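Please read the structure below before turning to the comments.
Any read-out appearing in this document is the output of simple, stated calculations on the displayed coordinates, not a laboratory observation. Worth saying up front: this structure is predicted, and the values here are computed from it rather than measured.
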Amino acid sequence: MRTITTKQLRDNMSQVIDDLKIGNTISLSYRHKVIGLLQPVDKPGQALRRGSPKAIRQGLKNLKSMMVPISVQNDSRSLKKQISEIRSRRYE
């Protein structure tokens, strides 16, 4: 995270906007004291690009909360086939 002064913010606004667009956080100082943070905002309706670092992080975070049986984890068949077989056994 880099620190800029209020004067640098006024003089280099386009560069600051570009930094925010790529996801960098910037601390803002006035008279040698940090007075705030400029952070990029995630748009709630915006879809994540498949394979992007953000999408991968979110997917891994969701996997941690899922409980997957060990028998499913160690099986080489596709997950779709495994689920259909488990469902068919359940209704027998």
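Whole-Hz Karplus values for region 31-37 come out as 6, 6, 10, 6, 10, x, 10 Hz, taken residue by residue from phi with 6.51 cos²θ - 1.76 cosθ + 1.60 and θ = phi - 60°; glycine and proline positions read x. 3J(HN,Hα) along region 22-29, derived from phi through the Karplus expression 6.51 cos²θ - 1.76 cosθ + 1.60 where θ = phi - 60°, amounts to 8, x, 7, 9, 10, 8, 10, 10 Hz, with x in place of Gly and Pro.
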